[in-house]
Amino acid sequence: NYPNPFNPTTTLSYQIPQAGNVTLKVYDVLGREVVTLVDEHQVQGRYAVKLDGRNMASGVYFYRLQVHDFVAVKKMLLLK
């Protein structure tokens, strides 16, 4: 994501090599789901999704991208 740390918005960019069901979710440090940004079938290509953190508390968050068997988890920081 860029920028990181962010206030109040950040952009999460990703690329998928082949079409498939894509899920991109944000979780707090306790593992609770905060928001689902993507949950749909997407074709091969590059994508960018904006996250608006105005309704979120300051702190550490994780975002999880899943496509087929591939899973990536990254950390981001919201500073207000």
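The values are calculated or read from the model by the stated rules, or taken from the named source; none is laboratory data. The shown structure was predicted, so the numbers you read here are calculated from the model rather than taken from an experiment. Glycine also receives a Cβ, built like all others from the backbone with ideal geometry; neighbour counts cover every protein chain displayed. These accessible areas exclude ligands, DNA and RNA; they are computed on the full protein's heavy atoms, side chains included. Shrake-Rupley method; radii C 1.70, N 1.55, O 1.52, S 1.80 Å.
Can you tell me which residues in the range 1-40 are part of a strand (DSSP E or B) and among the β-branched types (V, I, T)?
Across the range 1-40, the qualifying residues are T9, T10, T11, I16, V22, T23, V26, V34, V35, T36, V38.
When the residues of the range 9-32 are filtered to those that are under 19 Å from L79 (Cα atoms) and touching a strand residue (DSSP E or B) at 6+ places or on another chain (Cβ under 6 Å), which remaining residue is most open to solvent (accessible area, probe 1.4 Å)?
V29
Looking only at residues in the range 41-71 that are assigned to a strand (DSSP E or B) and more than 21 Å from T9 (Cβ to Cβ), which one is nearest to the chain's Cα centre (by Cα)?
Q66
Looking at this structure, is L77 modelled with pLDDT of 95 or more and open to solvent by 100 Å² or more (accessible area, probe 1.4 Å)?
No, not satisfied.
Kindly indicate whether R32 is touching a residue at least 24 places away in the same chain (Cβ under 8 Å) and either more than 14 Å from T9 (Cβ to Cβ) or not aliphatic (A, V, I, L, M) (or both).
Criteria not met by R32.
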